[in-house]
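Visitor: I have a structure I would like to understand better, so I am pasting it below and will then ask my questions one at a time.
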Amino acid sequence: MTMSEKTNHLFWDGCDVVELAKTYGTPLYVFSESKIEQACQELQTNFIKKYERVRVAYASKAFNVLAMLKLVEKEGLCLDVVSGGELYTAIVAGFEPEKIEFNGNNKSVAEIEEALDYGVGRFIIDSIQELDVIRAICHKKNKIAKVLFRITPEITVETHRYISTGQKDSKFGIPLNEEVLFPLIKRAIDAQEIDFYGIHFHIGSQLSDNHTHLAAAKVALNLVKQIKERFDYDVKELNYGGGFGVRYTKEDTRQPYAYFLDPLMEETIAFCTAHQLYRPTIVIEPGRSIVAEAGITLHTIGSIKTLPDIRTYASIDGGMTDNIRPGLYQAQYEVTIANKQDEQPCELVTISGKVCESTDILVKDASLPNIATGDILVTFTTGAYGYSMASNYNKIPIPAVVFVKEGQAEVVVKRQTYQQIIQNEVIPNHLLKEERK
Ligand code: LLP
């Protein structure tokens, strides 16, 4: 679909956003393929091609649909999945299993079996118990699992506490207790069913300071040294997780990947050289920073309610069902009116969703031009954890997803229908009987 330029309309990767809303309806997730490619290429230039023995595994929880997985594979990335469903989608997308890493703090036996059968490249073990579960399944299937242990590096990060994961009190990872960790590693080294690769951490999400990654890397590198000293074993791989922050509002800064990765690599290389250690392969798992800023969401403004001396509420045809982040993390967003790009902001409007929840407020006090019912509201930076955390609360269908590139648009996920929402529901026979008690 190619569209003509209209000066007062917003364009996204060459597409007229107002036309997209007309053609595909709202709410609508729109992703710029070019922006996703740019992020992948930044990783290629500043990490993959710059350093030897490094990998990037896109954390697919940020946005895991067939088209996205195909795109990141085309861009030369590996993949991180955390559930049987994410793994299944990756396999259907044709992702090479060896390039898939399986994270998650409670993998089921069925999920581990599936992953082994597909031949996933790595298991990131999150608990002491999990090693034995994987061993037993490998034994039964006569397979060998390549594993890393996710540790809790005891690093506190500056982000919303709901997306902080590396602190001591965390449901993720194996605690840094020498008496527990080293015997566990030794068992992995010795186990026939296990190929011990190394150590993994992920300290949190939406981080804009590189110090916490560096501090966690030092913890991991120290483990590499101790594993060499104690067991004469060369750790093959370290996974430094994701968490690189993006720009949601003007107050946020998006640091280039090099800001995080260069000091991490320098520290890693220097440490290994100083201690005469084999320098492990370094893997990172960015999710948000690859896809967040490529995505926008379109809504149509419906009822507008002005409460004198309080505020104006403008309701949209979606809300926390397509973006739960404001309700869950008090996340802030920037919005604009797609069909009024030539108008100056003149009023403060609170954008509310249509869901029956008081926390269903997309943006409080957005500065917008004179708004009217029917205007197309655009929310920026919704590409990560928007679609992937969408729900059917209030039986609202999950919106469609469109990929745009240089003026062309294509649906990559169709809008859910009411029929699809109830397709797994059953009325039991005894309730079908007509007579009433
Ligand atoms: N690796 C692991 C093991 C993770 O747990 C995560 C995110 C990532 C990588 C990717 O982190 P990223 O680069 O995207 O920051 N729903 C929340 C974010 C939860 C992140 C969970 N883990 C949000 O909307 O902010």
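The values are calculated or read from the model by the stated rules, or taken from the named source; none is laboratory data. Remember, it's a predicted structure, so these values are computed and weren't measured experimentally. Please note: Cβ atoms are built from the backbone with ideal geometry, for glycine as well, and neighbour counts cover all protein chains shown. Keep in mind that these areas ignore ligands, DNA and RNA; they rest on the heavy atoms of the full protein, side chains included. Shrake-Rupley method; radii C 1.70, N 1.55, O 1.52, S 1.80 Å.
Visitor: Would you call I155 open to solvent by less than 40 Å² (accessible area, probe 1.4 Å) and either over 29 Å from T253 (Cβ atoms) or at pLDDT 95 or above (or both)?
Guide: In short, no.
Visitor: Next question, about the same structure. Filter the stretch 71-114 for residues that are of a type in the set (V, I, T), outside any helix (DSSP H, G or I) and farther than 24 Å from I151 by Cα and give the result.
Guide: Listed by number, the list is empty, since nothing qualifies.
Visitor: Return a yes/no flag: does the stretch 104-112 have any residue that is within 18 Å of the chain's Cα centre (by Cα), within 16 Å of the ligand (Cβ to nearest atom), open to solvent by 10 Å² or more (accessible area, probe 1.4 Å) and closer than 24 Å to V413 by Cα.
Guide: No, because not a single residue in the stretch 104-112 is within 18 Å of the chain's Cα centre (by Cα), within 16 Å of the ligand (Cβ to nearest atom), open to solvent by 10 Å² or more (accessible area, probe 1.4 Å) and closer than 24 Å to V413 by Cα.
Visitor: Going through the stretch 327-358 one residue at a time, which ones are of a type in the set (D, E) and either touching a residue at least 60 places away in the same chain (Cβ under 8 Å) or open to solvent by 90 Å² or more (accessible area, probe 1.4 Å) (or both)?
Guide: Keep residues of the stretch 327-358 that are of a type in the set (D, E), which gives 334, 342-343, 347, 357.
Across the stretch 327-358, the qualifying residues are E334, D342, E343.
Visitor: Same structure again: Which residue pairs have Cβ atoms closer than 8 Å, lie 6 or more positions apart in sequence or on different chains, and pair a first residue in the stretch 289-303 that is closer than 15 Å to S388 by Cα and open to solvent by less than 10 Å² (accessible area, probe 1.4 Å) with a second residue that is modelled with pLDDT of 95 or more and of a type in the set (D, E)?
Guide: A294/E33; T297/D322
Visitor: Among what's in the stretch 370-400 and is at positive phi and open to solvent by 20 Å² or more (accessible area, probe 1.4 Å), pick the residue that is nearest to the ligand (Cβ to nearest atom).
Guide: In the first step, residues of the stretch 370-400 are kept if they are at positive phi; the result is 374, 381, 385, 394-395.
Then drop every residue that is not open to solvent by 20 Å² or more (accessible area, probe 1.4 Å), which leaves 374, 385, 394-395.
Numbers: G374: 30, Y385: 3, N394: 21, K395: 23 Å.
Out of the qualifying residues, it is Y385.
Visitor: Condition test on E75, is it in the same structural domain as A258 (by TED's automatic domain parsing) and within 20 Å of E293 (Cβ to Cβ)?
Guide: On the way: in the same structural domain as A258 (by TED's automatic domain parsing): yes; within 20 Å of E293 (Cβ to Cβ): yes.
Yes, satisfied.
Visitor: Can you find even one residue in the stretch 401-414 that is touching a Cys at 6+ places or on another chain (Cβ under 6 Å), among the aliphatic types (A, V, I, L, M), under 20 Å from K22 (Cβ atoms) and surrounded by 11 or more Cβ atoms within 10 Å (Cβ to Cβ)?
Guide: Within the stretch 401-414, one or more residues are touching a Cys at 6+ places or on another chain (Cβ under 6 Å), among the aliphatic types (A, V, I, L, M), under 20 Å from K22 (Cβ atoms) and surrounded by 11 or more Cβ atoms within 10 Å (Cβ to Cβ).
Visitor: If you check V92 against the conditions, is it open to solvent by less than 50 Å² (accessible area, probe 1.4 Å) and either touching a His at 6+ places or on another chain (Cβ under 6 Å) or within 23 Å of G386 (Cα to Cα) (or both)?
Guide: Values: open to solvent by less than 50 Å² (accessible area, probe 1.4 Å): no; either touching a His at 6+ places or on another chain (Cβ under 6 Å) or within 23 Å of G386 (Cα to Cα) (or both): yes.
Considered against the rule, which asks whether it is open to solvent by less than 50 Å² (accessible area, probe 1.4 Å) and either touching a His at 6+ places or on another chain (Cβ under 6 Å) or within 23 Å of G386 (Cα to Cα) (or both), V92 comes out as no.
Visitor: Select, from L221, L238, L264, the only residue that is open to solvent by less than 10 Å² (accessible area, probe 1.4 Å), modelled with pLDDT of 95 or more, in the same structural domain as I100 (by TED's automatic domain parsing) and in contact with a Gly (Cβ under 6 Å, 6 or more places away or on another chain).
Guide: Details: L221 fails: in contact with a Gly (Cβ under 6 Å, 6 or more places away or on another chain); L264 fails: in contact with a Gly (Cβ under 6 Å, 6 or more places away or on another chain).
Result: L238 is the single residue among L221, L238, L264 that is open to solvent by less than 10 Å² (accessible area, probe 1.4 Å), modelled with pLDDT of 95 or more, in the same structural domain as I100 (by TED's automatic domain parsing) and in contact with a Gly (Cβ under 6 Å, 6 or more places away or on another chain).
For every residue, the table says whether it meets (1) outside the structural domain of T382 (by TED's automatic domain parsing); (2) assigned to a helix (DSSP H, G or I); (3) of a type in the set (K, R).
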position	(1), (2), (3)
V157	yes, no, no
L181	yes, yes, no
I185	yes, yes, no
H213	yes, yes, no
R230	yes, yes, yes
D252	yes, no, no
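Visitor: Test each condition in (1) in a loop (DSSP other than H, G, I, E, B); (2) free of Cβ contacts under 8 Å to residues at least 40 places away in the same chain; (3) basic (K, R) for K171 and report the one that comes out false.
Guide: Of (1) in a loop (DSSP other than H, G, I, E, B); (2) free of Cβ contacts under 8 Å to residues at least 40 places away in the same chain; (3) basic (K, R), only one is false for K171: (2).
Visitor: Okay, next question. Test T273 against the criterion of being of a type in the set (V, I, T) and either open to solvent by less than 50 Å² (accessible area, probe 1.4 Å) or within 13 Å of the ligand (Cβ to nearest atom) (or both), and give yes or no. If you could, list the steps in order and put the result at the bottom.
Guide: Values: of a type in the set (V, I, T): yes; either open to solvent by less than 50 Å² (accessible area, probe 1.4 Å) or within 13 Å of the ligand (Cβ to nearest atom) (or both): no.
No.
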